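Everything below concerns the one structure shown next.
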Amino acid sequence: MTIRNLDDDLKTLLRLRAARHGKSMEEEARSILRTALVGRVEDDSGAALYAAIRARVEPLGGVELELPPREAQREPPDFSAPDAGK
């Protein structure tokens, strides 16, 4: 694979990042692509994110939350002007 028209600033950043990690520019580019693409799902429905979060927290166990008792609904406020006709 060849990537053309890569601007000089981006090449410089890749070269510096590769040097920091002790890799060639080519290996660093492979690493960046691997990190960006592995585990990605084509659809954006959120199902993959939900599954990933659940897989991470499910072994920790659940939490039972105590729900407060329901109360009667309050009357809505009256916004009518008291002296509207005067």
From the P(r) of the chain, can you give the percent of Cα pairs sitting at distances over 14 Å? 82 percent
The stretch 1-40 - convex hull of the alpha-carbon atoms, volume per residue in Å³: 79 Å³
Sort the following peptides by mean Cβ neighbour count (other Cβ atoms within 10 Å, averaged over residues), highest first: 69-76, 56-63. 56-63, 69-76
Taking 0.36 nm per intervening residue step and subtracting the Cα-Cα distance, what contour gain separates I3 from T35 on full extension? 9.7 nm
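Rule-based calculations on the coordinates, nothing more; no lab input. This structure is a prediction, so every number in the text was calculated from the model and none was measured. Every residue, glycine among them, receives a Cβ derived from its backbone with ideal geometry; neighbour counts consider all protein chains shown.
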